[in-house]
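The values are calculated or read from the model by the stated rules, or taken from the named source; none is laboratory data. Since the structure is predicted, the reported quantities are computational estimates derived from the model, not experimental observations. Note that each Cβ is placed from the backbone with ideal geometry, even for glycine, and that neighbours are counted across all protein chains shown. Only protein heavy atoms, including side chains, enter the accessible area calculation; ligands, DNA and RNA are left aside. Shrake-Rupley method; radii C 1.70, N 1.55, O 1.52, S 1.80 Å.
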There are 2 protein chains.
Amino acid sequence: MGAALDAEGPDGTQARGEQLHGIGAVAAQTGVSERTLRYYEEIGLLSPRDHSPGGMRRYCRDDIDRVLRIRELQNLMGFNLEEIRRVTAAESRLSSLREDFRASSDSGRQREVLDEALRALDELRDAAQAKIAALQGFLADLDERFERHRRRLEGLQDLDDAKEET
Amino acid sequence: MGAALDAEGPDGTQARGEQLHGIGAVAAQTGVSERTLRYYEEIGLLSPRDHSPGGMRRYCRDDIDRVLRIRELQNLMGFNLEEIRRVTAAESRLSSLREDFRASSDSGRQREVLDEALRALDELRDAAQAKIAALQGFLADLDERFERHRRRLEGLQDLDDAKEET
DNA sequence: CAATAGTCTGACGTTGACGTAAACCAGAGA
DNA sequence: TCTCTGGTTTACGTCAACGTCAGACTATTG
């Protein structure tokens, strides 16, 4: 039989024979460089699901999604990688709340952790809302000024047209 | 008589006795460092209205506004200083379209320039709109996931409560 | 089993956007 | 005139987020 590439227990979280990808494929699919992926791992931002016996990185689908999310947080929210680390950590904690939560020896402590994760994501939501509001103000101002200039340019246009037909 | 700090001609564009500010005052008012202001000048992004005979920078109100706009474009749009230079240059070109436009020897060429400036600002508007749309999608997704997790946590809460009162 | 393509770990380089320190000027008040 | 506060240039330092090698190792394929 083939080697067991999926080392996970039978918890149903991941499809058993999940497809794993090399770093090159992930780079191609996400548009980030291989160097960047290694860098993300280096700073503890994103580690591949597992490694081949030879030591090569094997990424799963979730890892790819996470890369895309990192880029989203960079581009849309303007976060640096440290901030992104905090956010994605909170998200991961929430995603992993399942049966293993029940198995916890101290469920009070666990809920505390999850509460904090929820608070973190709430902050993120607030930040996103604030940014949207600011951008809408920015856009309104832009539209207004744009219109003003357009009208003024039109006036000059008319003036020139009149001049032309003497 | 006092020295003529305002070297501008009588064109009405600026109030005659306009207040000029030292670099320290501008830094305090805008929240950017003096180093940053000098850096902006160094890369041709923002030059003070004029200099004192001794070589000291004298900023006017418009300069301050421009500093604030630069920060806005950095924070909201995530532009780098080169992109900001292009945008603010286009804005300046539009702002300076006044009587001196009439005086141009080649008004066709001038309108060409202004048209391009308008196009540049139009692109900025599009970018802002796109960013808002993306952020709204991001936020909607966030809200949805947040709700899902909150409900799940609530379920666990109830389960624990029931356990407690045996 | 050799060739080829893909990946690994260092380690140093780069770029943007400033920070910081040194040593020298400018302008207002006592 | 002296002095103090604020400003100037020059130049090197820094930090995040990677880029770019070199040289060895791994995996796949004919």
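Here are the numbers for this structure:
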read-out: Residue within the range A:124-143 that is open to solvent by 80 Å² or more (accessible area, probe 1.4 Å) and at pLDDT 90 or above present; value: yes
read-out: Matching residues in the range A:37-81 - criterion: being within 9 Å of DNA strand D (Cβ to nearest atom), in a helix (DSSP H, G or I) and within 26 Å of residue B:76 (Cα to Cα); value: A:40, A:70, A:71, A:74, A:81
read-out: Within the range A:1-24, considering residues that are modelled with pLDDT of 95 or more and within 17 Å of residue A:47 (Cβ to Cβ), the one surrounded by the fewest Cβ atoms within 10 Å (Cβ to Cβ); value: A:22
read-out: Residue that is surrounded by the most Cβ atoms within 10 Å (Cβ to Cβ) [pool: residues in the range A:57-97 that are basic (Lys, Arg) and within 13 Å of chain B (Cβ to nearest Cβ)]; value: A:93
read-out: Condition met for residue A:41 (in contact with a Ser or Thr (Cβ under 9 Å, 6 or more places away or on another chain), at pLDDT 95 or above and not basic (Lys, Arg)); value: yes
read-out: Condition check for residue B:132: assigned by TED's automatic domain parsing to the domain that holds residue B:25 and either under 26 Å from residue A:131 (Cβ atoms) or part of a helix (DSSP H, G or I) (or both); value: no
